[in-house]
Amino acid sequence: NSGVVSLLRPLLLDVVPSVRQTAALGLGRLADYNVDLAEAVVKAGILPQLVCSLPEENRYYKKTAAFVLRAIAKHSPQLAQAVVQCGALETLVICLEDFDPGVKEGASWAFDYIARHNPELSQAVVDAGAVPLLVLCIQEPEIALKRIAASTLSDISKHSPELAQTVVDAGAIAHLAQMIPNPDAKLKRQVLSALSQIAKHSVDLAELVVEAEIFPVVLTCLKDSDEYVKKNGATLIREIAKHSPELSQLIVNSGGVAAVIDCIGSCRGTVRLPGIMMLGYVAAHSENLSMAVIVSKGIPPLCACLIEEHEDHIKAAAAWSLGQIGRHTAEHARHVAGANVLPTLLDIYMDTRSSEDLKMKASIFVVALKNILQKCTHLPALEPLLHDAPPNIMKHIIGQFSKVLPHDSKARRLFVTTGGLKKVQEIKAEPGSLLQEYINAINNCYPEEIVR
């Protein structure tokens, strides 16, 4: 408000280097503070001046100038675009080739804040020739430089398969994979994130990541003391598992499913989420892979997530995964139903106190229930649902009883003594509807006087 930005601008051209650098630092701190101040710095016409003089300046000024560019670019795609339009990318590429690690680090930060916004800005970073230099940066000895270069490669890769491919073509995967065992937690987070962002796009890219021999070493990350390393490690495994049965089988063979199940059991909150989803993806591919999740004792921790977690999206993910495990055969459904999960799923779905977010996700719970119910012949698990289920679920439960009771005399006896048959008589079904057919099939299993 006092007009300081316009006072600092001429100081960028001062004859004394330390004055130029301090003026730039002041502008950077202002721009970093909020989006309005960043816009004021751009409107004052400071960017072209800053970029133009950069190649001739000393390393201290270069670091500071890179800070100003990153401070402006971080706020919005529009501000990042303003940085690109003033010709900053070409100058930042020169900084990436500087002998001073701090200058390279500053340039990497600026590229990261530009690339993370959208595919177009990310493509501009690629077109400027930054990717091969960033791959060289992750091979430098300085940990801070490695971290930010890996983060930038992650943010470039995340937008599209084509952008991820440019990172792969520059040879990034092998160098990233070698850093997974690095003791620095912050570096590991970025490395795992970059590999996840590459692997998520396609089977081919996921296979390239796997071929860099990340298994079994990536499984050690699931036991890391750093929560983000755990989460990013599980995310990487999830992004590989989702693509194909073959990749999921490879994860099973390397002990990945058991490691993820241990990880879910040992942590709470959003750290669990990628592991929960990963089990669902693996189970969805085939009967055998679903059975591998069951045999590895994957159902109890997923059930625990339904009860322990407060976040709706985590509960919904656990429900989805249980549905994927139970949907294959009667045997699969029996394992899920036997863990007493059906009443829990139904309770969450029916709970009037559930948040709006969970009500939007209610369809996930319904689909999960239906997936399990359509295969479930485990009558003791179905019985409790007869007394509470809403009509859209009831139809599936009655359908399962109508399948099992005609062929199982012991089940028929139990169905009467537990009050199941009585409950069926209370259900109002449209004449000629599928539900009425199911009810008739059940009643036909018994003498008329018992039904009466």
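The values are calculated or read from the model by the stated rules, or taken from the named source; none is laboratory data. The model shown is predicted, which means the values in this text are computed figures rather than measured ones. Neighbour counts are summed over all protein chains in view; Cβ atoms, including those assigned to glycine, are modelled from backbone coordinates with ideal geometry. Surface areas here come from the heavy atoms of the whole protein model, side chains and all, with no ligands, DNA or RNA. Shrake-Rupley method; radii C 1.70, N 1.55, O 1.52, S 1.80 Å.
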> D for region 181-327, whole µm²/s, Stokes-Einstein with Kirkwood Rh over alpha-carbon pairs at 37 °C and 0.692 mPa s: what number?
Replying inline: 221
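Working with all protein chains in place, sort Y438, Y61, Y33 by solvent-accessible area computed with a 1.4 Å probe, largest first. It would help to have the intermediate numbers written out before the result.
Numbers: Y438 60, Y61 0, Y33 170 Å².
So the residues, ranked largest to smallest area, are Y33, Y438, Y61.
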> Among the listed pairs K74/K242; K230/K370; K200/K223; K242/K315; K230/K315, which are separated by more than 27 Å between their Cα atoms?
Replying inline: K74/K242; K230/K370
>> Nearest 500 deg cm²/dmol is fine: what mean residue ellipticity at 222 nm does the chain get from its DSSP H runs of n ≥ 4 alone, each adding -39,500 (n - 2.57), divided by its residue count?
In response: -21500 deg cm²/dmol
>> Restricting the calculation to Cα positions, tell me the Rg (one decimal) and the Dmax (whole number) of region 84-194 in Å.
In response: 12.6, 40
> Hey, rough spin-label estimate for E331 and R413, points 7 angstrom out along Cα→Cβ, what's it come to in nanometres?
Replying inline: 2.8
>> Could you tell me the extents of the chain's C-alpha atoms along the three principal axes, largest first, rounded to whole Å?
In response: 107, 49, 34
>> Tell me which of C52, T91, V41 sits at the most positive position along the dipole axis of region 1-131, charges placed on C-beta atoms (Lys, Arg +1; Asp, Glu -1).
In response: V41
> Taking 1 over the mean of 1/r across every pair of different Cα atoms in region 399-451, what Kirkwood radius in Å do you get?
Replying inline: 11.2
> In square angstrom, what is the accessible area per residue of region 1-128 with a 1.4 angstrom probe?
Replying inline: 46
> Hey, which aspartates and glutamates would be in cross-link range of K62, C-alpha to C-alpha under 14 Å, not counting anything within fewer than 8 residues on its own chain?
Replying inline: E90, E97, D98, D100, E105
> Could you give the radius of gyration (one decimal) and Dmax (whole number) of the Cα atoms in region 367-411, in Å?
Replying inline: 10.0, 30
> By how many degrees, 0 to 90 and rounded to 10, does the Cα axis of helix 434-443 deviate from the longest principal axis of the chain?
Replying inline: 40
>> I'd like the distance between the alpha-carbon centres of region 389-415 and region 320-345, rounded to an integer number of Å.
In response: 16
> Among K423, K375, K104, K186, what's the order by accessible area (1.4 angstrom probe), most exposed first?
Replying inline: K186, K375, K423, K104
>> Out of the total accessible area of the chain (probe 1.4 Å, heavy atoms of protein only), what percent is carbon and sulfur?
In response: 54
>> With viscosity set to 1.306 mPa s at 10 °C, what whole-number translational diffusion coefficient in µm²/s follows for region 1-128 from Stokes-Einstein and a Kirkwood radius over Cα pairs?
In response: 112
